[in-house]
Every structure is written in C-alpha cells, then in structure tokens.
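See below for the structure under consideration.
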Amino acid sequence: MLLSKYLNKYYAKYWYCYVIGVLALVFVDWIQLFVPEFLGDLVRIFQNVPESGFTAQMESDIIKIVLYTVLIGLGLMAGRMLWRFTLFRASHNIENELRHDMFVKAEKLSVEYFHNNKVGNIMSWFTNDIEQIQEFLGFGVVVLVDGVALSLMCFTKIFLLSWQFLVLLSIPMILIVVWGVFVEKIMADKWTSRQEAFDKLYDFTQESFTGIRVIKAFVKQRQEIKAFSKVAHENMDVNVKFALVSVGFDIIVEVVIGILLAVILGLGGYLAVTGETLSIIGMSFKLDGAELVEVIGYFDNLIWPLMAMGQIVSMYSRSRTSMNRIENYMDSFEDIKNCDDAVVFSKEDIKGGIRFVDFSFKYPSKNDDYLKNISLSIKPGECVGIVGRIGNGKTTLVNSLLRMYNVKENSIFIDDIDIMKADTKSLREAVAYVPQDNFLFSDSVKRNIAFSNVDADEKLIKAAADFACVGNDIENFKDKYETVTGERGVTLSGGQKQRISIARAFIKDSPIMILDDSVSAVDVKTEDIILKNIRELRKGKTTLVVASRVSTVCHLDRIIVLNEGCVEAFDTPERLLEISPTYSKMVYLQELEKEVEGR
C-alpha cells in the first residue's frame, strides 16, 4: 500500500472496504483456478472413452463439470462486483476527502505562500497528482493483490503437478521482479520530471486564458502560440521519455511471457505426445496430456499477474511521486495561527478603535522594513482617509489589520486587544474589506453581493447595492440581480466591479470597513454619493478609505499621510494643508488638473 501520514487515517476509516474487497479478490482468484482442473478432468475423460462410447458415469461427470463451471462463472461475477464496489468506492472517497483536506490547508496558508507558488502548480496537485493516488488506491490495490494472490495460487497448483516446471518458470520471473525494482527508481525520477513539466504547462495555460484580453488587444496571439508550443513540446518530450521506460518494461515482461509459453507448449507438448521422461539440469520432466492442459491453464491465469508487474511498478512510481508532492504541500508551515488563549471578537461588542504602536513591517521575502515606526490612534466610529504616493505602504497598512501576515506583538490593537492574541476568524469577521483588485466570483450579481451573508434577503441585497450606487446599473441588466458576472467580473465595467465589491462589504455590516482605493474607477459625482452614504449609513462605525485622489478623502474626519513607509502626518484635512508637504502637493496637483481639464 501507499503509506503516508495523510492517508493512514483514511485506511483506518475505510478498512472494512479494503478487507471485504481483498477477500472478494482472493475468492475470485481461488475459484477461477478450478477451471484448468476441470479442463484436465475433461481431457482424462476423453482419453479414456471406450470404443463403445461414453459410459453413464462419464456423461454424469461431464454434466457435473459443466454445472460446476456455471457456478464458478456466477461466483466470479458476484466476487468481481463486490470488489469493484468496495475498493473503488473507498479509493474515490479517499480522493474526495483528501482533496477536501488540501483545500482546508489552502485556506490556512498565508498570502506569502501563494506569492511563492504559482496557481498552475497548486491546481496540478489538486487534480493530476491526487488522481494518481486515487488510481493506485483503487485499481493499484486490485493489481497488487491479484499479482500476489493469483501468482502464489498458480505456483502452488503448478508445483503439485510438476515442481520441475515450477523451478524452470521461476527463474525468469525472479529476474522480472529484480528488474522491476530497478526500473521503479528510474520511473519515479521520470515521473517527477513529467509532473514538473505538466505544472509549467498548466501554469502557462492558466495565465494565458486569464490574460486573453491583453493578448488580443496587443495582437500577440502568434507569439503566445509559439510560446505555448515550446512549453507543450517540452511536456511532450518528458512524457515520451517516461513512456519509453514504462513501455520498455512492459515489452520485456511480454517477451518473457512469450518465451515461457513457448517452453511450456514445446517441452510439455513433446512430453505429452511421446510419454517420455526428459532430464534437464538434473531435473526429470514428465507430463501427460491432461496435466499439460492444466499447466497451460494455470500459466494462462499467471499471465495477468506477470503483466500486472509492469503496471504496478508504473502506478506505484507515479503515486509515490504524487504523494511526495502533496505531502510537501500539506507540510507547509502555517504561519498564521491562533495562540492558545486567543481572544474571540464579537461583532456586536466591537467599538472599532484602532491603535498602532511603533509598528514596523517587512515582507518575509524582503530585508528592509516597508512600514516604519508607525504610531497612531483611530477613534471608534471615525472615517479616516489614507493617502500617499504609490508604493508608500497604504495597502500594506490596512492589510495588517486583517493579519494576512504576522506582525510584532503589541504593535496593533483593536479595542485595546492585540491582534496577535485575537482569534483570526473573528478578527476578519469584524472587518469588511474591499480589496484593491475588486475580485468577483463567476456567479450571479446577487450571490456576489451576499457573499458574506448567504441568508440575506432580496431587500437587504438591494439596499447594499443602493448604498454602493450600483442598484440602477443592476436593474438595467437583462437578468438584473441574476446576471452572471463571468470570471473575475469580466462582463462588468471597472466601476461596476468596484461598486459591487463595496456592496458586498457593506452587507457584512462589520464594525470596521476598509476601502482600498475602491472608488478610483467611478466618476466624482458617484464617488461623493458613496462617501456620503458611508458617513450617514455607517455613522458610529469605523471606516478606513485608502485613496489616490485627495478629493476622495477631503471630507473625512481625519487623514493619514504616508511618505516613504512612515506617517508624515495624521490630522484633519484643513490642518494637513499646514503641516504636511505631501498632502499640500497632492491638493495642489489636483487643483492644477482641474484647471487643465477646464481649458
């Protein structure tokens, strides 16, 4: 079996399926070996038919053999149905539950992990690799049990007929086993290379489909086709190399089987016809016609286990390699974890006060601090803007509240509770977040808005849409709130995606809301209405608005001005004009832009 700490619990759960399935397999292997014995008995009957014809006893024996053969056929049917139902059911259940565990693991990993691992690689683990494991846990078990049980039974039967023949047949079979162990290591390396090439192909394809509009806009279809062709050919070359090793092993096994069958037919036929006894390498060989038929029958049953040797080597190599990749993924360090005495936030009890105390932050892959020595306090219920030049850490500052990365203890507080000591789930429940990229799921507008509250009624969904000034747009859609947005909201404009994202955050009704540059794609009039709705409908609740335009935040309570990762100033808009050079310059440039547009 394929042993792994992530599979052992499933073996314990579905042990009864494997026990019943294996017993059914062994039962099938056992009863099917009666058929060669019956054929031998038939030959003996026909060899001893007197000149007067069949005796009554002979006829009775023939009828019994026919009836027994029918019963064996029924037993084979029942046994094969049973092992298919139990073994394949267990393997598919394990596949389903392992994939579920992998998805749960993905939700626990930090953002940094997904920055370092491409989507194509991860999707390959969830699909191709896990399917290889399922194949081995289902059909692989069948091949393994059949190969062992049926081989031992056939060897025993042949031994009882002629141990000399068994010794003669065992020599090449031992060589096949030794060769299989050697080839398995080579195939494992080849399969690893194949999976890595498949990852590259998967990732390239996913990226191309995601960026198909850019490719078409820049008329780069031919360039992408050439690039894809190169990746596809690399994938093909690696697959061909793996196939050469796999097929080469199968060919060798088939050649050995052919040679063994020729030896049995040639040597056994000679002995059966002549009735002589041959001495070869010190062993005496003697068979009559009935015994030859039985040996051929047993060897015919032995062909499948010999062929299965090649399949099981290939399947085990693939599944072991795939399991190693999944184990590496499942063993990935979960750096975002709750402490033992984590404080669970309650949305109803949170007031929304936020405090940064000498807060500095650097990304795990970087050496220098991205945010430096930030100390400020946001009062409960305040509407606070965050401005600064691009790359000065505005998004990083608000993301730190969601604990997407670990931060230094006692550096960020919500209602005087250190977020590093807070329950992560309840912390994120307390914050409604509108991300900068405005990601929408390929689902209806209605379900996208109600993402955080699946029980929301139509009235509440429409109220959220009106809050974000997108209700009229939705009503003008052909299917209204049932309109499917397409992948990442491809059927909507940039402004519509932003406003639906705002509606999705509003319906969450959290004590803290973060809008990360979320009105940049809407006109000034719509922006003013949304900000007015925020001040009125979220009165008493804390709202943080990251903006690239000063006009977006100039009517808020206070504004944080970031410069080079530090807080340059934090005060009211009027006061900032006096104390913040960065803010004053942003206001001046915006006024200049208005004048230019007025010309």
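Things worth noting here:
- The listed residue being open to solvent by 60 Å² or more (accessible area, probe 1.4 Å), under 30 Å from Lys508 (Cα atoms), modelled with pLDDT under 85 and more than 30 Å from the chain's Cα centre (by Cα), out of Asp288, Asp300, Asp349: Asp349
- Reported count of residues in segment 508-544, each being closer than 23 Å to Val561 by Cβ and touching a Lys or Arg at 6+ places or on another chain (Cβ under 6 Å), is 0.
- Options Asn367, Asn328; residue that is in a loop (DSSP other than H, G, I, E, B), of a type in the set (S, T, N, Q) and open to solvent by 70 Å² or more (accessible area, probe 1.4 Å): Asn367
- Selection from segment 158-169 of residues that are buried (at least 21 other Cβ atoms within 10 Å of the Cβ) and either modelled with pLDDT of 80 or more or of a type in the set (Phe, Trp, Tyr) (or both): Phe165
- Within segment 457-491, the set of residues being touching a helix residue (DSSP H, G or I) at 6+ places or on another chain (Cβ under 7 Å) and closer than 11 Å to Leu440 by Cα comprises Thr485, Gly489.
- Count - residues of segment 394-418 that are over 33 Å from the mean Cα position of the chain (by Cα) and of a type outside the set (D, E, K, R): 6
- Selection within segment 199-222 - farther than 21 Å from Lys118 by Cα and open to solvent by less than 100 Å² (accessible area, probe 1.4 Å): Ala217, Lys220, Gln221
- Remark: pairs (first residue in segment 524-538, touching a residue at least 24 places away in the same chain (Cβ under 8 Å) and assigned to a helix (DSSP H, G or I); second residue buried (at least 21 other Cβ atoms within 10 Å of the Cβ) and small (Gly, Ala, Ser); Cβ separation under 7 Å; 6+ apart in sequence or on different chains) = Ile530/Ala468.
- Test result for Leu137, surrounded by 21 or more Cβ atoms within 10 Å (Cβ to Cβ), closer than 30 Å to Leu267 by Cα and modelled with pLDDT of 80 or more: no
- Residue within segment 333-345 that is of a type in the set (S, T, N, Q), assigned to a loop (DSSP other than H, G, I, E, B) and touching a helix residue (DSSP H, G or I) at 6+ places or on another chain (Cβ under 7 Å) present: yes
- Among (1) closer than 10 Å to Arg504 by Cβ; (2) not in a helix (DSSP H, G or I); (3) not aliphatic (A, V, I, L, M), the one test that Asn448 misses: (2)
- Residues satisfying the stated conditions in segment 206-230, i.e. more than 29 Å from the chain's Cα centre (by Cα) and at pLDDT below 80: Lys216, Ala217, Phe218, Val219, Lys220, Gln221
- Test: residue in segment 526-548 that is within 25 Å of Phe361 (Cα to Cα) and surrounded by fewer than 20 Cβ atoms within 10 Å (Cβ to Cβ): yes
- Residue-level analysis places Ser442 outside the set of residues that are in a loop (DSSP other than H, G, I, E, B), touching an Asp or Glu at 6+ places or on another chain (Cβ under 8 Å) and closer than 30 Å to Gly388 by Cβ.
- Filtering segment 61-114 to residues that are outside any helix (DSSP H, G or I) and either without any contact (Cβ under 8 Å) to a residue 60 or more places away in the chain or open to solvent by 20 Å² or more (accessible area, probe 1.4 Å) (or both) leaves nothing.
- Inclusion of Ser551 among residues that are within 30 Å of Asn448 (Cα to Cα), outside any loop (DSSP other than H, G, I, E, B) and out of contact with any strand residue (DSSP E or B) (no Cβ under 8 Å at 6 or more places or on another chain) is warranted.
- Qualifying residue in segment 50-58 (condition: under 30 Å from Met404 (Cβ atoms) and open to solvent by less than 90 Å² (accessible area, probe 1.4 Å)): no
- Per the listing Leu261, Leu265, the residue uniquely within 30 Å of Gly289 (Cα to Cα) and open to solvent by 70 Å² or more (accessible area, probe 1.4 Å) is Leu265.
- Any hit, segment 370-381, residues being more than 17 Å from Val431 (Cα to Cα) and in contact with a Leu (Cβ under 8 Å, 6 or more places away or on another chain): yes
- Selection status of Arg403, open to solvent by less than 30 Å² (accessible area, probe 1.4 Å) and basic (Lys, Arg): yes
- The set of residues in segment 1-48 being modelled with pLDDT under 80 and more than 23 Å from Leu161 (Cβ to Cβ) consists of Met1, Leu2, Leu3.
- Residue check, Lys585 surrounded by fewer than 16 Cβ atoms within 10 Å (Cβ to Cβ), among the charged types (D, E, K, R) and out of contact with any Ser or Thr (no Cβ under 6 Å at 6 or more places or on another chain): yes
- Subset tally (residues that are surrounded by fewer than 17 Cβ atoms within 10 Å (Cβ to Cβ) and either out of contact with any helix residue (DSSP H, G or I) (no Cβ under 9 Å at 6 or more places or on another chain) or closer than 27 Å to Asp341 by Cβ (or both)) for segment 377-394: 6
- Exactly one residue out of Arg499, Arg447, Arg504 is under 33 Å from the mean Cα position of the chain (by Cα) and within 18 Å of Lys541 (Cβ to Cβ): that is Arg504.
- Evaluating Asp418 against the criteria (1) charged (D, E, K, R); (2) open to solvent by 20 Å² or more (accessible area, probe 1.4 Å); (3) free of Cβ contacts under 8 Å to residues at least 24 places away in the same chain leaves one unmet condition, (2).
- Scan of segment 421-439 for residues that are closer than 18 Å to Ala503 by Cβ and open to solvent by less than 50 Å² (accessible area, probe 1.4 Å), ordered by number: Val431, Ala432, Val434, Pro435, Asn438
- Hits in segment 490-504 (condition: of a type in the set (Gly, Ala, Ser), assigned to a helix (DSSP H, G or I) and open to solvent by 30 Å² or more (accessible area, probe 1.4 Å)): Gly494
The values are calculated or read from the model by the stated rules, or taken from the named source; none is laboratory data. Here the structure is a predicted model, which means the values were calculated and not measured. Neighbour counts run over all protein chains shown; Cβ positions are idealised from the backbone, glycine included. For the accessible areas, the whole protein counts, side chains as well, though only heavy atoms, and no ligand, DNA or RNA atoms are used. Shrake-Rupley method; radii C 1.70, N 1.55, O 1.52, S 1.80 Å.
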